[in-house]
1. Are any of the residues in the stretch 30-37 surrounded by 10 or more Cβ atoms within 10 Å (Cβ to Cβ) and either modelled with pLDDT under 70 or farther than 30 Å from residue 218 by Cβ (or both)?
2. Given the conditions (1) at pLDDT below 90; (2) closer than 27 Å to residue 270 by Cα; (3) acidic (Asp, Glu), report the number of the one that residue 172 does not fulfil.
3. Are any residues in the stretch 223-256 of a type in the set (S, T, N, Q) and within 23 Å of the chain's Cα centre (by Cα), and if so, which ones?
4. Restricting the search to the stretch 177-215, which residues are within 16 Å of residue 235 (Cα to Cα) and either outside the structural domain of residue 157 (by TED's automatic domain parsing) or surrounded by fewer than 16 Cβ atoms within 10 Å (Cβ to Cβ) (or both)?
5. Tell me, please, whether a residue that is touching a helix residue (DSSP H, G or I) at 6+ places or on another chain (Cβ under 7 Å), under 19 Å from residue 169 (Cβ atoms), modelled with pLDDT under 80 and not in a helix (DSSP H, G or I) can be found in the stretch 101-115.
6. Is there any pair with a first residue in the stretch 69-82 that is without any contact (Cβ under 8 Å) to a residue 60 or more places away in the chain and farther than 11 Å from residue 93 by Cα and a second that is among the β-branched types (Val, Ile, Thr) and part of a helix (DSSP H, G or I) whose Cβ atoms are under 9 Å apart and which are 6 or more apart or on different chains, and what are they?
Amino acid sequence: MYICYTDNSLGSSFSMERIIDLFNKILSVFSTFQLTDFLDILFVAIVIYVCIRIVRETRAMQLIKAIILLAIIYGVVSLLNMEASSFIFGSLFKNAILILVVLFTPDIRNILEQIGKGTAKRNFSTLIHAGVAVEVKQIEHTIEAVCKSCAEMSDKKVGALIVFEDETLLGDVIESGTMINADASKELVENIFFPKSPLHDGAMVIRSGKVYAAGCILPLTTKEVSSSLGTRHRAAIGVTERSDAVAIVVSEETGAISYARKGKLKHGISDGDLRDVLTTRFLPSGSSSDDKIINKLVRRVRK
């Protein structure tokens, strides 16, 4: 019969040495940390933040998300030693710089132009003064104003195209129109789409509960649609194919109210149905007012 004794003190001593070594390394980093290092980190963070603020409203953000996803997949296949997949992704990322330059050439030019126009300064100011959450009542007021104006324009057969921006920012669309950035009202919406108004042919964009821009040009859908649908309906479908926005159309020929979401068009709805759709999408039921305000605050910070 053999009795085996285990000396736990050796293992405990080894663990303690590793912990002490870790703390020594951390202390050595902070002991050499100087003011210039802090300024260096701060400057890089600001540059990255400003670039994201400028690019976030373009389709480049979708490409960036796709690249991040590919990088994650590459890391997974590398850990699993999947040779064929690793070779393909490795070849792709070896030429990553060239690919990025080709893909983001317009956006790089846009960043430089925006910096030259002082947009970077405004973006930096929003970093310090990020604003407050959009009040729930402001969204409710905007939805009510849009629904009432759509009902009025439907009776008068006045054509209209209104886009409610959601998580996907529509910076490219907004740049094609005229900035307004005003509180929504029934009178404002109807005046913009008055037949003799210079902005009536374009789309209105609602952002954060405000009429943000008007006279905007939307991308048309490329898929087959009914011949009875006009350009406004094709544009509504097109913008919702490329974003998570909700687009509302009032037909100039029939006065019918329609809305598009996720590339699908719901034709011939009432203003009450439209109110329900917008309320459900932008003011989810079952949430408290505090939850809604928090959600809007998060969205405001992202924007």
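The values are calculated or read from the model by the stated rules, or taken from the named source; none is laboratory data. Given the structure is predicted, the values throughout are model-derived calculations rather than measurements. Quick reminder, even Gly has a Cβ in these numbers, built from the backbone with ideal geometry, and neighbours come from all protein chains shown.
1. The first filter runs over the stretch 30-37 and keeps only residues surrounded by 10 or more Cβ atoms within 10 Å (Cβ to Cβ), leaving 33, 37.
Pick out the ones that are also either modelled with pLDDT under 70 or farther than 30 Å from residue 218 by Cβ (or both) and you get 33, 37.
Yes - at least one qualifying residue is present in the stretch 30-37.
2. (2)
3. Let us first name the residues in the stretch 223-256 that are of a type in the set (S, T, N, Q), namely 226-228, 231, 240, 243, 251, 254.
Matches in the stretch 223-256: 240, 243.
4. Hit for the stretch 177-215 is 201, nothing else.
5. yes
6. Cβ pairs passing all conditions: 77/88; 82/76.
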